[in-house]
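Heads up, the thing below is written out as structure tokens.
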Amino acid sequence: MNQVKKNLWPFVWGLWSVLIVAAVILLFFLDSPAGLQWLRYLGWAVLVISAIFGWLPIFEFRGKGAVPEGQSYIKTTVLVDSGIYAVVRHPQYLAGMLLSLALILISQHWIMVVIGVVAMGLNYAIAVRADQDLIEKFGDDYRRYMQKVPRMNFLLGLVRLLRH
């Protein structure tokens, strides 16, 4: 059973990727003239925030993750719990969620809502799975980190960070 679950994750990642690419392409073809302009502007703002959450981890991991020379930035050898990782545990998965939301707000089309909701569900499941993998990699240190820093709720993360 565990092997079946393990083999399922490449499919989940692939499906999420296809949905995001489809949503971006559809953005150019779907028109909702009755849409609210202020929601479109909000969507573009959310897209910028998504980009920030998507790119910051690359620099954080390269600088603080003790990544071996020539390896991908995700090949950290130490638990990074500062910078953006003091606010949320999975900023890049949060970026994926915000990207889906941004595409929904910009397009305001029912097809994009369906794609976006499914993509967000898959993205959340991937983040939950990542927590399990990181517990295996970092053990009790990661469990303690999980208690301090929310998975993707950056507002709660900011509040917690400011309280300390």
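Taking only the C-alpha atoms of the chain, Rg followed by Dmax gives 17.3, 52 Å.
Using a 7 Å offset from Cα along Cα-Cβ at V128, what residues in region 141-159 end up with backbone N under 19 Å from the label point? It comes to 143, 146-147, 149-154, nothing else. Judged by the gyration tensor of its Cα atoms, with axes a ≥ b ≥ c, region 102-164 is oblate; a/c meets the 1.5 cut and b/c is at least as large as a/b. Protection proxy ranking for 97-106, 78-87, 136-145, using the average of other Cβ atoms within 10 Å per residue and placing the highest first: 97-106, 78-87, 136-145.
For every other residue with a beta carbon closer than 13 angstrom to the beta carbon of P68, add +1 if it is Lys or Arg and -1 if Asp or Glu, then tell me the sum.
Neighbour charge sum, excluding P68 itself: +1.
Between I49 and I111, residue separation times 0.36 nm minus the direct Cα-Cα distance comes to 20.0 nm. Distance from the Cα centroid of region 41-111 to that of region 133-157 is 16 Å (rounded to whole angstrom).
A short reminder: the numbers here are calculations on the coordinates, not readings from a lab. Keep in mind it's a predicted model, so treat the numbers as computed, not measured. FYI the Cβ positions are ideal-geometry reconstructions off the backbone, even for glycines, and counts take in every protein chain you see.
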